[in-house]
Amino acid sequence: MEKLEVLDFYAEWCGPCRAMNPAIQSLMEKHNTSGSSVEIKKINVDQEKELSEKYEIKSIPSIIFLKNGEEVYRTIGAQSKEKIESKISELSA
């Protein structure tokens, strides 16, 4: 089974990141379950500088979708829960 990882790069001081947090939390509750092919991770850019540099995060919020460790899609800026869910569905199909 292919694993889809969704990396949400954010910062505590970022307004759009805070606005997106309820949607991300809801998606994490839905997808981060045993046996799921989707895993969503929140990554604080101030605490995870190496990871932020690895993925060349220039602005936040940024969401990176990885399939088997390879980047397949990236969004920058605040996204709706529906838009993120739609992309998860598309990429995990």
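Kindly indicate which of Tyr73, Tyr55 is touching a strand residue (DSSP E or B) at 6+ places or on another chain (Cβ under 8 Å), among the aromatic types (Phe, Trp, Tyr) and more than 10 Å from Val6 (Cα to Cα).
Details: Tyr73 fails: more than 10 Å from Val6 (Cα to Cα).
Going through Tyr73, Tyr55 in turn, just one is touching a strand residue (DSSP E or B) at 6+ places or on another chain (Cβ under 8 Å), among the aromatic types (Phe, Trp, Tyr) and more than 10 Å from Val6 (Cα to Cα): Tyr55.
Please go through region 1-50 and pick out each residue that is in a loop (DSSP other than H, G, I, E, B) and of a type outside the set (D, E, K, R). Let's see the steps before the verdict.
Initially, region 1-50 is screened for residues in a loop (DSSP other than H, G, I, E, B), giving 1-3, 11-14, 32-37, 45-48.
Within region 1-50, Met1, Ala11, Trp13, Cys14, Asn32, Thr33, Ser34, Gly35, Ser36, Ser37, Val45, Gln47 qualify.
Got a number for residues in region 1-54 being more than 22 Å from Ser86 (Cβ to Cβ) and of a type outside the set (Gly, Ala, Ser)?
Number satisfying all stated conditions: 14.
Please go through region 7-37 and give me each residue that is hydroxyl-bearing (Ser, Thr, Tyr) and either without any contact (Cβ under 8 Å) to a residue 24 or more places away in the chain or farther than 17 Å from Arg74 by Cα (or both), ordered by number. Break it down into steps so the answer makes sense when it comes.
First pass over region 7-37, keeping only residues hydroxyl-bearing (Ser, Thr, Tyr): 10, 26, 33-34, 36-37.
Once the filter is applied, which keeps residues that are hydroxyl-bearing (Ser, Thr, Tyr) and either without any contact (Cβ under 8 Å) to a residue 24 or more places away in the chain or farther than 17 Å from Arg74 by Cα (or both), region 7-37 yields Ser26, Thr33, Ser34, Ser36, Ser37.
Out of Lys81, Lys42, Lys49, which single residue is within 21 Å of Lys3 (Cβ to Cβ) and modelled with pLDDT of 95 or more? Working first, answer last.
Values: Lys81 fails: within 21 Å of Lys3 (Cβ to Cβ); Lys49 fails: within 21 Å of Lys3 (Cβ to Cβ).
On inspection, the qualifying residue turns out to be Lys42.
Being over 16 Å from Lys42 (Cα atoms) and in a loop (DSSP other than H, G, I, E, B) is the filter here, so list the residues in region 57-68 that pass it.
Start the filter on region 57-68 by keeping residues that are over 16 Å from Lys42 (Cα atoms), which leaves 58, 67-68.
Lys58, Asn68 - these are the residues of region 57-68 that are over 16 Å from Lys42 (Cα atoms) and in a loop (DSSP other than H, G, I, E, B).
Filter region 69-93 for residues that are part of a helix (DSSP H, G or I) and either within 20 Å of Asn21 (Cβ to Cβ) or of a type outside the set (S, T, N, Q) (or both) and give the result.
Here is the first cut: in region 69-93, the residues part of a helix (DSSP H, G or I) are 81-92.
Matches in region 69-93: Lys81, Glu82, Lys83, Ile84, Glu85, Ser86, Lys87, Ile88, Glu90, Leu91.
The values are calculated or read from the model by the stated rules, or taken from the named source; none is laboratory data. Fair warning: this is a prediction, and the values are worked out from it, not measured in the lab. Please note: Cβ atoms are built from the backbone with ideal geometry, for glycine as well, and neighbour counts cover all protein chains shown.
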